[in-house]
Every structure is written in structure tokens, then in C-alpha cells.
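Heads up: the structure comes next, in C-alpha cells.
Please treat every number below as a calculation from the coordinates, not as lab data. What you are looking at is a predicted structure, and each value in this text was computed from that prediction instead of being measured. With ideal geometry, Cβ positions are generated from the backbone for all residues, glycine too; neighbour counts draw on all protein chains shown.
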Amino acid sequence: MQINPQLLKRYWSEECTEEEKFLVRKWLASAEPQEDYFIDDLNESEEKELMMKSINNRIGRTILSSENTESLKPGHLPLRHSKKWIFAVAASVLLAVFFLQQHYVSQEAAPLSITSYHEVAVPYGEKRIITLTDGTIVHLNSGSRLKYPPQFSNSQRHVILSGEAYFIVAKNPDKPFTVETKHTTTRVLGTRFNLKEFANDQHSIIVIDEGRVQFSAPGCTDTLILTANSRAVFRNYSMEKSVVQASSYLSWKDNILHFNDIPLSEAIPIIERWYNVKIRIKDQALSPLKIKGDFKNPSLSSLLQDLSYLMNLKYKIKQNEVSLYQ
């Protein structure tokens, strides 16, 4: 008779014949078992109950055997083998504990299916603040999406971002917090940072407000460790790092539009998301013109008036469409 998972299952559930028990005990005592036999056809609670019941029974019998080795009945193992049998039972108990522990560790390590994640989608023209189950606070900019599990596992905290978000990550040295975007992975233990990568972006930008952050990307050999007032851009499988004033990149969450000397063509998507409008540039000569400045909670007409003055352009608003021309 061969030792197999079905036989072990009957052994742990006290359903073996005397002959089968003898074979399993001999197998355990011989230090031969090297395979991970798990009881896969039981549910979690049934398996745990079965294992713990069997372990308690074997520990009890081991103690009883050690106290009464002088009074073994005929037909039982002789005294000279009783100590070996005690060690064999102890080994079986340890083996069961090990199997049980490994089984639940493997279950815990298995990542939660992304399909079970919650999702927050912020419409254009709006912003949101959400608090995750670990206490992490997330500011979401217009047009952003965040996916997160209903409950973080015991070993990791994982979310998926498309858009722009400012994270205030609750500190937990034993459970890293990971933000995944289409192109990059950001890993922290507890810190504050701003991450930006919208669905159509071919680059990812991170700015660190506080703490330390690991920033990496598949296919990129560089993995950056960033600290406060650091900015990194991932583009074309390479990383660019610079020192900045972090507050300038975080002003959006305080309803301040910040343009750091960028072309009008790059500013257009930001304005569209901010106001939920569609902007068309009638004269392409306007596209490379640079915008620099802060605009505190401006209305759309107020912003366009300022841009008209600064860039010498004209505009027309018709419902949710804006036309720019010279």
C-alpha cells in the first residue's frame, strides 16, 4: 500500500484501519515524507477544525504514552520502541502544523482578484477625497480612476491608479503600499506623494512631498529611491530625476491651477479636465506658446481672460466648447 493524500486524509480524520495507521506511522517515523500533502477538498473552516482536532488528539496520546510506557498491553509496541513511537507521533504533529501553516500562508499570499476591487471614477470638473481601510487618504483629481480592494491583505496594500492623485499613506512598516499605473510601480511604507499618469499619457510623473518612495517601471533598468522635493519622470523606458519645490505640483488639490512654463498644447488637457469642456485651437501657431503662473480657483471665463491677455489670443465659448484663435 502506498502513502497518498487520500490515505493521509483518512489518517488525520481518524478513519484508518489499524493496518493503515501502522503504515502511516511507519512512514512518518522513517523521516521519508518530503511532499506537501494538503487536504484540498475541504473548505477552510472544516480543514482547520480537522487538523487541530487531530493534532490535539495526537498530542494527548503522546503524553499518555510517555507516562504509561511501563503498562503497555500485549500486542502494543514494546518498550524499546515506545520512545521511537513518541518521536514519530511528535513528528507527525509537527508535520501537520507545518502543512497547516504553509497552506494558510499560501492562501494569504495569493493576490486578490482585480475584478473584486472597488473603483472610484471622478468626472471631469470634479475632485474627490477618499479614505482607504488602512487610513490612507487619497485626493483624486478630475478625470481620475482609483481601484482598490475592499480590505487589504495581511501582507500588502495594493491600488491601481489612472489619472492624478495625492496620497497620504498611513504608516505601516510591515505592509508596503503599492500604487500601480499603466507604466510604473510606486512602493512606500508611509509617506506623501503626488502621482500623475492619465490613460492616454505615455509618461508617468511623481513628486515627493514627504518621506521616501521607490519608483520603478517594467523594462526599465533604473529603480529610483526618491525623497522630499524630488520629482521623477518615466518616459521611453528611462527615468529622469530632478529637485523641485513639491508644493508647486500639489496646488491642484487646493483648487489652484499651476502652470510651470508649459506649452499651451500641454495645458489644454488640464483645463479640459478641470472645467469639463472641450478646447479647440483654431490657429496651431498658439500651441507652442508657454504658460506660467498660478490661478486660484478661477472660473472658466476668468481663466480665459487672463490667458487672452498673457498670450495675446482670442477665445469664444459656446456651451461646453471653447475655441482659441489669434
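Past the 28 Å Cα-Cα mark, which pairs from Lys147/Lys292; Lys196/Lys290; Lys253/Lys282; Lys196/Lys314; Lys182/Lys314; Lys171/Lys241?
In this structure, Lys147/Lys292; Lys253/Lys282; Lys196/Lys314; Lys182/Lys314 lie more than 28 Å apart at Cα.
Out of residues 5 or more away from Ala228 or on other chains, whose amide H comes under 5 Å of its own, with H placed 1.01 Å from N in the peptide plane?
Excluding prolines and chain starts, which carry no amide H, the hits are Gly211.
Got a sec? How would Val322, Val243 order by Cβ neighbour count within 10 Å, fewest to most?
In increasing order of surrounding Cβ atoms, one gets Val243, Val322.
Test of understanding: what is the full-extension gain from Thr185 to Ser308, defined as 0.36 nm times their sequence separation minus their Cα-Cα distance?
Extending this stretch completely gives an extra 40.3 nm.
In nm, what is the difference between 0.36 nm times the number of residues separating Ile114 and Gln245 and their Cα-Cα distance?
Answer, rounded to one decimal: 43.6 nm.
Is the shape of the stretch 255-325 rounded, prolate or oblate, going by the alpha carbon gyration tensor and its root eigenvalues a ≥ b ≥ c, with a/c under 1.5 for rounded and a/b larger than b/c for prolate?
Judged from the Cα gyration tensor, the stretch 255-325 comes out rounded (a/c under 1.5).
Collect residues whose amide H, placed 1.01 Å from N in the peptide plane, falls under 5 Å from the amide H of Tyr124; neighbours closer than 5 in sequence don't count.
Result for Tyr124 returns Gly143.
What is the set of long-range amide H partners of Ile279 at a cut-off below 5 Å, with H atoms built 1.01 Å from backbone N?
Residues meeting the amide H criterion: Val322.
Which shape class applies to the stretch 114-249: rounded if a/c is under 1.5, otherwise prolate when a/b exceeds b/c and oblate if not, where a ≥ b ≥ c are the square roots of the Cα gyration tensor eigenvalues?
Note, shape of the stretch 114-249 comes out rounded.
What ³J(HN,Hα) values, in whole Hz, does the Karplus curve 6.51 cos²θ - 1.76 cosθ + 1.60 give for the stretch 312-324 when θ = phi - 60°, with x put for Gly and Pro?
6, 10, 10, 9, 9, 10, 9, 6, 9, 10, 10, 10, 10
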